[in-house]
Protein chains: 2
Amino acid sequence: MSPHPPSFYHPAPRTLSFCSQCGTRLNRIIPPDDNRMRDVCENCGAVHYQNPLNVVGVVPVWENKILLCRRAIEPRHGKWTLPAGFMELGESTGQGAMRETLEESGVSIRLGSLFTVINVPHAEQVHFFYLADVLDPALDPGPETLEAAFFSPEDIPWEKLAFHTIRSTLEHFVADSKTGAFGLHHYEISAPYPG
Amino acid sequence: MSPHPPSFYHPAPRTLSFCSQCGTRLNRIIPPDDNRMRDVCENCGAVHYQNPLNVVGVVPVWENKILLCRRAIEPRHGKWTLPAGFMELGESTGQGAMRETLEESGVSIRLGSLFTVINVPHAEQVHFFYLADVLDPALDPGPETLEAAFFSPEDIPWEKLAFHTIRSTLEHFVADSKTGAFGLHHYEISAPYPG
């Protein structure tokens, strides 16, 4: 075990300096038969591609109320979000969305249809949100959540939401709730969320 | 420039041995407030998360024929595929699909609706295919393509396709073509493609 306190650890930044395979300092070149700059190891030949990440979450509904979680972590500490997080290796988008919901709120859900698929190129992410029925509304938030609560559509804290994709997914949900027709919404958000 | 021939370079494997930030040998532990094993640097504190990748492509159609490309690269060298490849940083899924189509076949397209979103957890990937109209059928395949050609639905080389997601996307396309109703198909493929 590490002698360091938990605050010592942090996600590795996108900028790469050393080869993960042999530890040699990397060069930034366009490899043969490629058309963009990559981090390349001239010792072992490893090309270190980097690609966008998927964020997976749900719109969890219980008796016409929506479950939101208040973030206990940065970015957007203290802001409200739908349960969501980074998709992990070995799982599907739906499995990841269910896992994040359980981790962040403690509630178990029955996954519904895919509701929003949102490109966020400036964040190098794609966000997926599924509709979901809450099976048991007992809340047990995990360490990434300050509190979790159910909100009627008219009580959604619009001015205290964490991210643009959360806001737009909730907007689509409220609009579709009025017609009862929940389609798939696929779009791009091209600017950072203010605040 | 490197003195090595192009065959020297290869994608860095998923297995990580050294920290990309400081070059120290990594440990594999469950970090504080986490619940799975990660590659962690005990020198600088960087946690090296790994996540699934997105593959983005299209079903390019010209006068009721579908454009397929025969792969000049491994895996599945010599097999037929829809134009597709890994999503790059800074682009949307649709932009990536258009870029891959141009790179692999030379044709320009008008992107249509999102058609299949396929989880492939054993490959640690999510595949996206869009419908697309070919604007000009002049072919100019890039270095990753042996040849490109247009196929009528009845002439699709079903036994020589590269991947399960290619086959199932083409199956959905042929089926939907008969009704004229092209919905979004979202599903999971849980076993490797034979052959």
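The values are calculated or read from the model by the stated rules, or taken from the named source; none is laboratory data. Since the model is a prediction, treat every value here as computed from it, not as a measurement. With ideal geometry, Cβ positions are generated from the backbone for all residues, glycine too; neighbour counts draw on all protein chains shown. Accessible surface areas use protein heavy atoms only, side chains included; no ligands, DNA or RNA. Shrake-Rupley method; radii C 1.70, N 1.55, O 1.52, S 1.80 Å.
Couple of notes before you dig in:
- The set of residues in the range B:115-153 being out of contact with any helix residue (DSSP H, G or I) (no Cβ under 9 Å at 6 or more places or on another chain), charged (D, E, K, R) and farther than 30 Å from B:Pro13 by Cα consists of B:Asp133, B:Asp136.
- Qualifying residue in the range B:107-122 (condition: part of a strand (DSSP E or B) and basic (Lys, Arg)): yes
- Residue check, A:Glu74 within 23 Å of B:Gln50 (Cα to Cα) and touching a Gly at 6+ places or on another chain (Cβ under 7 Å): no
- Identity of the residue in the range A:1-12, facing chain B (nearest Cβ under 7 Å) and modelled with pLDDT of 50 or more, that ends up most open to solvent (accessible area, probe 1.4 Å): A:Pro11
- Condition met for B:Ala148 (under 19 Å from B:Lys65 (Cα atoms), in the same structural domain as B:Gly96 (by TED's automatic domain parsing) and buried (at least 19 other Cβ atoms within 10 Å of the Cβ)): yes
- Residue check, B:Ser168 open to solvent by less than 30 Å² (accessible area, probe 1.4 Å) and touching a residue at least 60 places away in the same chain (Cβ under 8 Å): no
- Selection within the range A:117-133 - open to solvent by less than 30 Å² (accessible area, probe 1.4 Å), more than 11 Å from every other protein chain (Cβ to nearest Cβ) and over 24 Å from A:Ala72 (Cβ atoms): A:Leu131
- Qualifying residues in the range B:93-116 (those that are among the polar types (S, T, N, Q) and modelled with pLDDT of 95 or more) - the one most open to solvent (accessible area, probe 1.4 Å): B:Gln95
- Residues of the range B:37-73 that turn out to be under 28 Å from B:Phe86 (Cβ atoms), charged (D, E, K, R) and at the interface with chain A (Cβ under 7 Å from one of its Cβ atoms), as a count: 0
- The listed residue being open to solvent by less than 40 Å² (accessible area, probe 1.4 Å) and touching an Asp or Glu at 6+ places or on another chain (Cβ under 9 Å), out of B:Gly85, B:Gly90, B:Gly23: B:Gly85
- Selection count where residues are outside any strand (DSSP E or B), open to solvent by 70 Å² or more (accessible area, probe 1.4 Å) and among the charged types (D, E, K, R), scope the range B:37-74: 2
- Scanning the range A:172-195 for residues that are loosely packed, with under 12 Cβ neighbours inside 10 Å and among the hydroxyl-bearing types (Ser, Thr, Tyr), we see that the one that is farthest from the chain's Cα centre (by Cα) is A:Thr179.
- Top-ranked residue of the range A:13-34 - restricted to ones that are within 7 Å of chain B (Cβ to nearest Cβ) and of a type in the set (Ser, Thr, Tyr), ranked as farthest from B:Leu89 (Cα to Cα): A:Ser20
- The set of residues in the range B:26-36 that are surrounded by fewer than 16 Cβ atoms within 10 Å (Cβ to Cβ) and either assigned by TED's automatic domain parsing to the domain that holds B:Glu124 or not hydrophobic (A, V, I, L, M, F, W, C) (or both) comprises B:Asn27, B:Arg28, B:Pro32, B:Asp33, B:Asp34, B:Asn35, B:Arg36.
- For the range A:75-94, a residue qualifies if it is outside any strand (DSSP E or B) and within 11 Å of chain B (Cβ to nearest Cβ), and the qualifying residues are A:Met87, A:Glu88, A:Leu89, A:Gly90, A:Glu91, A:Ser92, A:Thr93, A:Gly94.
- Pairs where the first residue, in the range B:173-195, is at pLDDT below 90 and the second is part of a helix (DSSP H, G or I), C-beta under 6 Å, 6+ apart: B:Tyr193/B:His164
- Residues in the range B:123-139 that are in a loop (DSSP other than H, G, I, E, B), charged (D, E, K, R) and at pLDDT 95 or above: B:Glu124 only.
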